[in-house]
Structures are given as structure tokens and as C-alpha cells.
1. Less than 16 Å from a label point 7 Å out along the Cα-to-Cβ axis of Thr152: which backbone N atoms in region 176-203 qualify, by residue?
2. On a C-alpha basis, how far is the centre of region 50-72 from the centre of region 87-163 in Å? Whole number, if you could?
3. Taking only Cα atoms of region 144-194, what ratio of Rg to Rh do you get with Rh as the Kirkwood inverse-distance radius?
4. As an exercise, find the ratio Rg/Rh for region 61-181 from alpha-carbon atoms, using the Kirkwood inverse-distance average for Rh.
5. Pop the C-beta distance of Val71 and Val136 into the FRET formula with R0 = 22 Å and round what comes out to the nearest 0.05.
Amino acid sequence: MKKRTFRISAAVGALTLAGVAVSAGVSFAGTSTAREPSAPAAADPAAAQADGFVGGRLAVPDALVPPAGHVLGSVFKARGVQIYGCTDAKWTLVEPAASLTGITLDPVQRSTALHFRGPSWQSDTDGSLVEGTGPVSAPSATPNSIPQLLITAKTTRGGGVFGGVTYIQRLATTGGVAPAGACTAGQTTAVPYRAVYRFFTTA
């Protein structure tokens with residue numbers, strides 16, 4: 001699949017979330033973040049800070065590029081779990097539960113958030129929230145990992161970091177795949193995963 005490289009322009013399972021909190025300095029070594037040769041300093045300091053935050057530029061599949069007229073507003077690194085339950089002897093996704101640390105573009109500042117059933121993302125910095133729908137999928141660059149996604153915002157709340165979000169990308173995924181084999185009704189399991197989430201707004 002043809003990929004294009006984009007420069008980043010910026011930054012319920014409640015019980016489970018308590019166990020997956022992550023500091024702002026978490027490393028994502030080993031993810032599919034693509035590093036590129038050294039280049040002149042970015043004209044946009046916010047873009048340079050966002051690139052540095054995730055450790056380089058991300059290779060984005062064409063299918064996961066938002067429509068024209070939408071710009072990157074923030075970028076977050078996530079560490080958490082994908083929670084599965086047993087339905088008809090098969091593991092079925094119940095919800096994600098992850099802690100996010102990120103950086104916003106305007107103004108450029110650090111931010112933190114939670115990711116949970118919906119799928120939803122809520123800022124614990126300003127309380128704003130976005131809930132997504134209609135995901136478009138592309139394979140992860142990391143074997144045995146959940147797919148990368150482009151998700152359309154269905155509803156938003158508040159005027160903070162997530163208040164004006166239109167699209168969400170889930171990129172650089174690692175882990176999170178449901179266990180292989182059959183299961184017993186009533187069983188649940190939590191599979192660790194990591195990802196980079198990018199949130200877009202209208203230009």
C-alpha cells in the first residue's frame with residue numbers, strides 16, 4: 001500500500017484505567033514511528049515540538065488521511081489495554097482503557113486524557129470529550145498488533161482540546177490483539193497495547 005509521510009503540526013473501564021496511568025515522558029521505542037534523515041529546522045516551532053514528542057514523523061496510509069480542510073490540532077501517545085469478553089466461545093472487544101499524554105498545537109502545551117468505551121477520548125486537563133464512529137482500517141506496521149484507524153467524530157463536548165475534533169487517527173499500534181483460541185462464557189481479558197492518536201479539526 002502506498003504511504004505518504006506527513007509532518008505533525010502540533011501535541012466504563014474506570015477501574016482498569018487506574019492501572020494503566022502513564023507519565024508524560026513515556027518512551028515509544030519499538031513502535032512503527034518512522035524516523036527520517038536530518039533536515040533543516042521546521043519553520044513552525046509547534047510542528048517541530050510535536051515531531052519531537054513522538055520521536056519523528058509518522059508514515060500514514062493513504063486510506064487514513066482525513067479529507068481536505070482538516071488540520072492537526074493535537075497528538076497523543078497512549079498506553080493501556082484492549083479489553084475482550086467471551087461471546088459465543090470467541091473473544092470480542094468490549095472496550096479500550098488507556099491513558100494518553102500529548103501536546104496541543106494552539107496553544108502549544110502538554111495535555112493528558114483518558115480513552116474508553118465509545119470509543120471516546122476525554123481530556124482530564126479541560127474536561128472536553130470526543131466520541132468516534134465509522135472507523136476505516138489499515139494494517140499495523142508491527143506484527144500481531146491491532147490495526148491503524150481513521151475515525152470520524154460523532155459527538156463532541158466542551159471547548160477544550162477535543163471540543164472541535166472532526167477526525168481521529170490511531171497510528172503506530174503495538175499489541176492489543178485478542179487471544180487466540182476458544183474461551184468460556186463470562187471470561188474477560190485485558191491485552192496491553194500502545195498507539196499514537198492524532199486529533200484533527202476544521203482548518
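1. The answer is 200-202, whose backbone nitrogens lie closer than 16 Å to the label point.
2. So the two Cα centres are separated by 15 Å.
3. Details: Rg = 15.6 Å, Rh = 13.8 Å.
Value, to two decimals: 1.13.
4. Values: Rg = 14.8 Å, Rh = 15.2 Å.
Ratio of gyration radius to Kirkwood radius: 0.97.
5. On the way: r = 19 Å, r/R0 = 0.85.
The calculated FRET efficiency here is 0.70.
Values quoted throughout were computed directly from the atomic coordinates according to the rules given, and no laboratory measurement underlies them. Please read all numbers here as calculations on a predicted model, not as lab measurements. Using ideal geometry, Cβ is built from the backbone for each residue, glycine included, and neighbour counts are taken over all protein chains shown.
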